[in-house]
Amino acid sequence: MTFHRMHPADQIVTIMNRIYENCLTTTTGGNISVMDGHGDIWITPSGVDKGSLTRRDICQVKPNGTVVGLHKPSMELPFHASVFKKRPDIKAVLHAHPPMMVAFSVVRQLPELRMVANIHEICGNISIAAYATPGSAKLGEIISAEFEKGFDIIMLENHGIVAGGCNVFECFKKFETLETAAKIHINASKLGTTKTTTSHEPALPATYELKDFTKTNHSTEECDARCEIISLIKRSYRQGLFGSTHGVFSVKLTDGSFLITPHCTDRAYLTEDDLVHIKGGMKEHGKIPSRSARLHMLIYEKNPGAGAIVAAAPPGAMAFAVTDTVFDPRTIPESYMVLRDIKKVGFSDLGKVAEMFSARTPVLICENTQIIATGQSPINAFDRLEVCEATAKAIIAAKDIGAMVHMSESAIRNIDLAFNLE
């Protein structure tokens, strides 16, 4: 999605729709603004249903204060205008009340951003702003003062969060990632003591240098594979398994090459053509593959039976990746049959990670990094990731109810025999 080519009103509607559809705001909650090249502020209206917002609903506020549009601008216009004034580098501001960050705002604490690699890289440092009446000049002064200190995300006491960025998608990316961090933190706190990453650097290199090859044709197998994994990537995003810029899918073709998601491209709008073909140690010309490309290459080399790989950081399963709690899938037959002997592993040695996969261990929990699921096909790999997250959520929920009783060893042996599991 190339937001810089869209009208500001369309940018706002697009992102507000995503926020509302993902249950990160309510019908009348939240507001977004964009400052255009003429100094006009485009902003969501006051009191208009966020679930049915259209471009005609967006207000245009001129530098002299004149309002153009069908509605009154958001009552939070003063703080949006103040942020733009104090931070000329910021061209978009997003404010909303995502549930898990609201939980942090009412206890006046910040979530730990260094539990999962790359979250701090996206969000940066966060500030806490003192409470003030919504829509008041005082609130605007408090928020803009924090932005003036260099923060790009502000948590408002007993209110919600505000994110600023060079465009509205950058705001959304920070906002979405922060809410994911909050979910992981809350889930992990129910399991045990949390662990942070030991390095401020991302777990994988920012780019993965491969020589280019020029494609001359697309086989029917490749075309089918591109279509299938794009469908599964979008499903993964809708289900909260992927984020807008995290989550990697790859599929191996019969010639040993594979297709993989591109680096830092919005998962909600990926197309078949965005996928990157990796062949003979080279990448498709003109495209940048996910920085997980080398790891996927190693997994396919060491596991000939793997036909697809999916890696993500869903908030339930990641709670196990940031604590010492053992993930035991023997909760219900499906969880055991799909996940088998799921293991936890460090992420510093990619070769070691690749070697740990087997028929009995098709899924790995990588400490402070991600969940990786392999499968014979894309839908098989996706199913394993989906079951892993569902199982994790069930285990976490059980913590609030009573002592867990896992399936007995005899029950597991009977399943192994009945379904001829290795």
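The values are calculated or read from the model by the stated rules, or taken from the named source; none is laboratory data. Since the structure is predicted, the reported quantities are computational estimates derived from the model, not experimental observations. Every residue, glycine among them, receives a Cβ derived from its backbone with ideal geometry; neighbour counts consider all protein chains shown. Ligands, DNA and RNA are excluded from the accessible area calculation, which covers all protein heavy atoms including side chains. Shrake-Rupley method; radii C 1.70, N 1.55, O 1.52, S 1.80 Å.
Residue-by-condition table, conditions (1) part of a helix (DSSP H, G or I); (2) touching a residue at least 12 places away in the same chain (Cβ under 8 Å); (3) surrounded by fewer than 22 Cβ atoms within 10 Å (Cβ to Cβ):
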| position | (1), (2), (3) |
| --- | --- |
| V326 | no, yes, yes |
| F347 | no, yes, yes |
| T374 | no, yes, no |
| N380 | yes, yes, yes |
| A394 | yes, yes, yes |
| A397 | yes, no, yes |
| V405 | no, no, yes |
Cβ pairs under 6 Å, 6+ apart or interchain, first in the stretch 68-89 and without any contact (Cβ under 8 Å) to a residue 60 or more places away in the chain, second surrounded by 18 or more Cβ atoms within 10 Å (Cβ to Cβ) and part of a loop (DSSP other than H, G, I, E, B), ordered by first then second residue, are H71/V48; S74/T44
Does I41 satisfy the criteria of being among the hydrophobic types (A, V, I, L, M, F, W, C) and open to solvent by 10 Å² or more (accessible area, probe 1.4 Å)?
-> yes
In the stretch 261-281, which residue that is among the β-branched types (V, I, T) and within 17 Å of the chain's Cα centre (by Cα) is most open to solvent (accessible area, probe 1.4 Å)?
-> T265
Of everything in the stretch 275-292 that's among the aliphatic types (A, V, I, L, M) and modelled with pLDDT of 95 or more, which residue is nearest to D349 (Cα to Cα)?
-> I278
Only one of (1) closer than 19 Å to T133 by Cα; (2) of a type in the set (V, I, T); (3) in a loop (DSSP other than H, G, I, E, B) fails for V83. Which number is that?
-> (3)
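Quick one: in the stretch 206-239, which of the residues that are in a loop (DSSP other than H, G, I, E, B) and among the hydrophobic types (A, V, I, L, M, F, W, C) is most open to solvent (accessible area, probe 1.4 Å)?
A206
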Write out, first by first residue and then by second, each pair whose Cβ atoms fall under 9 Å of each other, whose residues are 6+ apart or on separate chains, and whose first residue, in the stretch 121-132, is open to solvent by 50 Å² or more (accessible area, probe 1.4 Å) while the second is hydroxyl-bearing (S, T, Y).
-> I128/S105
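Okay, residues lined up against (1) in a loop (DSSP other than H, G, I, E, B); (2) at pLDDT 95 or above:
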| site | (1), (2) |
| --- | --- |
| G164 | no, yes |
| E176 | no, yes |
| T198 | yes, no |
| L241 | yes, yes |
| S250 | no, yes |
| T254 | yes, yes |
Top-ranked residue of the stretch 44-65 - restricted to ones that are farther than 19 Å from P78 by Cβ and either in contact with a helix residue (DSSP H, G or I) (Cβ under 6 Å, 6 or more places away or on another chain) or of a type in the set (D, E) (or both), ranked as most open to solvent (accessible area, probe 1.4 Å) | R55
Six or more apart or on different chains, Cβ under 7 Å: which pairs go from a residue in the stretch 21-47 that's over 19 Å from E170 (Cα atoms) to one that's open to solvent by 30 Å² or more (accessible area, probe 1.4 Å) and of a type in the set (K, R)? Could you list them?
-> D40/K62; P45/K72; S46/K72
